[in-house]
1. Inside segment B:49-75, can you point out the residues that are open to solvent by 20 Å² or more (accessible area, probe 1.4 Å) and hydroxyl-bearing (Ser, Thr, Tyr)?
2. Could you tell me which of the residues B:Asp111, B:Asp44, B:Asp39, B:Asp56 is under 23 Å from B:Leu195 (Cα atoms) and among the acidic types (Asp, Glu)?
3. Hey, could you check segment B:44-81 for residues that are charged (D, E, K, R) and within 27 Å of the chain's Cα centre (by Cα) and say which is nearest to B:Val23 (Cα to Cα)?
4. What are the residue pairs meeting all of these: first residue in segment A:98-121, first residue more than 14 Å from chain B (Cβ to nearest Cβ), second residue of a type outside the set (D, E, K, R) and open to solvent by 60 Å² or more (accessible area, probe 1.4 Å), Cβ atoms under 8 Å, and 6 or more apart or on different chains?
5. When the residues of segment A:17-64 are narrowed to those that are more than 14 Å from chain B (Cβ to nearest Cβ), polar (S, T, N, Q) and open to solvent by less than 40 Å² (accessible area, probe 1.4 Å), which ends up farthest from A:Lys145 (Cα to Cα)?
6. Quick one: A:Thr144 ticks every box in (1) away from chain B (no Cβ under 14 Å); (2) in contact (Cβ under 8 Å) with a residue 60 or more places away in the chain bar one, so which box is it?
7. Inspect all residues belonging to segment B:34-48 and state whether any of them is open to solvent by 50 Å² or more (accessible area, probe 1.4 Å), charged (D, E, K, R), farther than 21 Å from B:Gly237 by Cα and assigned to a helix (DSSP H, G or I).
Amino acid sequence: MVLEAKNISFRYGKGSRQILDDFSLAIENHERVGIAAPSGFGKTTFCKILSGYEKPDQGEVYLDGQPLSSYKGYCPVQMIWQHPEQVVNPRLRMREVLKEGDGIEPCIIQGLGIEEDWLNRFPAEISGGEMQRFCIARALGKRTKFILADEISTMLDLITQSQIWNFLIEETKRRQIGLLAVSHSMPLLENVCTRICRLDEK
Amino acid sequence: MRRINGRMMTAALLGAAVLFLFVITVAGHMYAEEALVTDFSRKDLSPGGAYIFGTDWLGRDMFIRTLTGLSMSIQIGILAACVSSVLALILGVLAATMGKTADALITWVIDLVMGIPHILLLILISYAFGKGFKGVVVGVALTHWTSLARVIRGEVLQLKEALYIRAAQKLGMSQLKIAWKHMLPHLFPQFLVGLILTFPHAILHEASITFLGFGLPPEQPAIGIILSESMKYLAMGRWWLALFPGLLLVFTVVLFDVAGESLRKLLDPGSTHK
């Protein structure tokens, strides 16, 4: 299975800066691709386009040769956001948040170090790092084929970072899920990814 | 024994307020006949003993009249507040979901209704509907929906763009389930609190247009009627005719406010552990 972005161009509204210009990238489902670029070069925007949150001005995203927009219901390309508190409903308990995912296996919950005690809490009652683990778990549903990790570990301490990345590498290897990792930190990407692609080099 | 926490206190306050309002409503209903009884052998009695709120110039028991009046006010308030809140909910959701033209139209109507002084519009509508019970309810309902409609419109607009709703769409959740699971828990508290906080407004406006003579008919023992009649007798030193009904009216309004605020606190997820 391959996730392809073909000749993507994008800018936010007319007259604003061209963020992505005729950009193409293909990711196989056994690959871990790193995306690196300074701030403002469209890393997050690219993730949003790849997972269907944003429509590109030109170009198209294909999953297995079919346009991503033709997939209805559960989207096989799941994005994990930089700020978990924005993607979790503040009025739902964390148990409900996990249920939103597509049949999350208990081994994922354990592997991410999510504790039983956290499940009964509201998002306001757990820390950002704890919440991010829930978001990662939620994205790893049964039908997920690609994971886009947009700066997912920036708010975590180093030990937790390595714990989460090791888990993600193992899990994506085991289930043949393609991974796209976005980060400012080159050493992190070098350790995690099988290849690295720079957005700022033309 | 469990320690009494903030939430239990708030819940108790809410319960007490609701119970008290309920008792007033039922008691007012039960004594509706007695409130009309005149007895010249006991006229103009000052408060105390058998008549704790005193009696008026026709020998009517002011305590019972006040209760009946308040009961009437509460019923009108509940009816009008419910109608206007449902109107606000429907129009607010329509404005936020039915596209630009519908939004512009509904926002324009909201501005229009808000732009006219409440009491003026109330009098006009009430008069057009032939005054009385119907006129007051329609008038209050048609003037009090605007601010809640705005709140609901804003809330829905915000929810539509919220990342957690968009993420739920990507997780394959149906529109109906999103509305139920993600939107309703946000809208319901707003709606309920808005509804309860409309009661005091409705009651006060009912009393004021009745006071001005555009509301309930004069034979009805309503708070507005009692207050406007007592105006003539204030100068003769019969202060109790206005003081107690007025105080009780304020008390009822405060109770509704307390009930609404307590409910808001209880429904706020930030307060689960207080």
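The values are calculated or read from the model by the stated rules, or taken from the named source; none is laboratory data. These numbers come from a predicted model, not from an experiment. Counting neighbours? That spans all protein chains shown, and the Cβs are built from the backbone with ideal geometry, glycine included. The protein model used for the area step is the full one, side chains on, heavy atoms only, and it has no ligands, DNA or RNA in it. Shrake-Rupley method; radii C 1.70, N 1.55, O 1.52, S 1.80 Å.
1. B:Tyr51
2. On the way: B:Asp44 fails: under 23 Å from B:Leu195 (Cα atoms); B:Asp39 fails: under 23 Å from B:Leu195 (Cα atoms); B:Asp56 fails: under 23 Å from B:Leu195 (Cα atoms).
The conditions single out B:Asp111.
3. If we filter segment B:44-81 for residues that are charged (D, E, K, R), which is where we start, we get B:44, B:56, B:60-61, B:65.
Narrowing the set further to residues that are within 27 Å of the chain's Cα centre (by Cα) leaves B:61, B:65.
Values: B:Asp61: 19, B:Arg65: 15 Å.
The residue in question is B:Arg65.
4. Pairs found: A:Gly113/A:Gln163.
5. The first filter runs over segment A:17-64 and keeps only residues more than 14 Å from chain B (Cβ to nearest Cβ), leaving A:17-43, A:45-46, A:56-60, A:62, A:64.
Restricting the remaining residues to those that are polar (S, T, N, Q) gives A:18, A:24, A:29, A:39, A:45, A:58.
Among the residues that remain, those that are also open to solvent by less than 40 Å² (accessible area, probe 1.4 Å) are: A:29, A:45.
On the way: A:Asn29: 7, A:Thr45: 20 Å.
Within segment A:17-64, the match that is farthest from A:Lys145 (Cα to Cα) is A:Thr45.
6. Among (1) away from chain B (no Cβ under 14 Å); (2) in contact (Cβ under 8 Å) with a residue 60 or more places away in the chain, A:Thr144 violates only (1).
7. There is at least one residue in segment B:34-48 that is open to solvent by 50 Å² or more (accessible area, probe 1.4 Å), charged (D, E, K, R), farther than 21 Å from B:Gly237 by Cα and assigned to a helix (DSSP H, G or I).
This table checks each residue for (1) in contact with a helix residue (DSSP H, G or I) (Cβ under 7 Å, 6 or more places away or on another chain); (2) among the aromatic types (Phe, Trp, Tyr); (3) without any contact (Cβ under 8 Å) to a residue 12 or more places away in the chain.
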site: B:Ala202; (1), (2), (3): yes, no, no
site: B:Glu229; (1), (2), (3): no, no, no
site: B:Leu234; (1), (2), (3): yes, no, yes
site: B:Phe256; (1), (2), (3): yes, yes, no
